[in-house]
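*Asks:* One structure follows; several queries about it will come next.
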Amino acid sequence: MKKLFPVLCVLMLILTISHCFAQIKTQEAKLTDLPANAYKGKVVKSLSWTDKNGDNMLVLTEIAPFLSQKRKGEDDYYDAELYAYLYVKKGGTYQLLWKVTDFVRQCILDITTTFLTDALSVTDLDGNGIAETWLMYRLACRGDVSPSTMKLIMYEGDKKYAVRGTCKIVMGDESYGGEMNMDANFKNGLQVFREYAQKKWKGFEKEF
């Protein structure tokens, strides 16, 4: 056992170093470089980085609750939206590579449409030179403490991976929610992607 201990320490060190090198260096994006009307909503986070595809610019935006155009009866119903845009510089100008759109519609209760900005990360876990962009957000229309919907979206280039489920609420000895469902791309993709997604999900699943 004593002989195995140094070997285990070396393996753990290698794994730690590998994880560090898998992180892509990012900085705050210079949004004035984007085309006019490149995004809508209030910017809550923006990043830029360079990979094999070129110069990348990510923009996360949210639109606060607004009166829904589709009303039910005499009550006021509200909508709220969020967006994620990934632009890549081609021929001197930034062009849209992918866009995420999600929303809550016709809500008469409390609306949640919120990016988890602390969960945002840019990696190159498979070492192919193309960044993986990871983002998470929550959606809800509720008047109680029921779990909100949570989604994890990852893009490598223009290929989308998704995890969908609910947050976990712990009340005393009982817990509610906590479902986690990976899409086919995650299930059939690299193990390193699944492991990273599971770790990230567990880190942000607890809501209350």
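*Asks:* Amide H neighbours of Asn53 under 5 Å, at least 5 residues apart or on other chains, H built in the peptide plane: list them.
*Replies:* Ala131
*Asks:* I want to check the label-to-label distance for Gln198 and Thr117. Put each point 7 Å from Cα in the C-beta direction and report it in nm to one decimal.
*Replies:* 3.1
*Asks:* Quick one: helix 4-21 against the long Cα principal axis of the chain, what's the angle to the nearest 10°, folded into 0 to 90?
*Replies:* For helix 4-21, the angle is close to 50 degrees.
*Asks:* Continuing with this model, one more query. Pull up the cross-link candidates among the lysines for Lys160, meaning alpha carbon to alpha carbon under 19 Å and not fewer than 8 places away within one chain.
*Replies:* Lys52, Lys99, Lys151, Lys187, Lys199, Lys200
*Asks:* Sticking with this one: Beyond 17 Å, what share of the Cα-Cα pairs of the range 36-150 is found? Please give it as a whole percent.
*Replies:* Considering the range 36-150, 61 percent of its Cα-Cα pairs are separated by more than 17 Å.
*Asks:* In what sequence do Met180, Met171 fall when counting other Cβ within 10 Å, fewest first?
*Replies:* Result, fewest neighbours first: Met171, Met180.
*Asks:* Also: Would you mind computing, in nm to one decimal, how far apart the modelled labels at Lys89 and Gln191 are, each placed 7 Å from Cα along Cα→Cβ?
*Replies:* Computed distance between label sites Lys89 and Gln191 equals 3.8 nm.
*Asks:* List the aspartates and glutamates whose Cα sits under 14 Å from the Cα of Lys42, skipping any in the same chain fewer than 8 residues away.
*Replies:* Straight-line reach from Lys42, under 14 Å: Glu62, Glu81.
*Asks:* Across the range 155-168, in residue order, what do the Karplus-derived ³J(HN,Hα) couplings come to in whole Hz, using 6.51 cos²θ - 1.76 cosθ + 1.60 with θ = phi - 60° and x for Gly and Pro?
*Replies:* Calculated HN-Hα couplings, in order: 10, 10, x, 9, 8, 9, 10, 9, 10, 10, x, 9, 5, 10 Hz.
*Asks:* Here's something else I'd like to know. What aspartates and glutamates does Lys89 reach when the alpha-carbon gap must be under 12 Å and sequence neighbours fewer than 8 apart in one chain are set aside?
*Replies:* In chain and number order, the partners are Asp33, Asp51, Asp55.
*Asks:* With Cβ to Cβ distances under 13 Å as the rule, what net charge do the other residues near Arg138 carry (K, R +1; D, E -1)?
*Replies:* Summing Lys and Arg as +1 and Asp and Glu as -1 gives -1.
Every read-out reported here was derived from the displayed coordinates using simple, explicitly stated rules and does not represent laboratory data. These numbers come from a predicted model, not from an experiment. Positions of Cβ are backbone-derived with ideal geometry, glycine not excepted, and every protein chain shown enters the neighbour counts.
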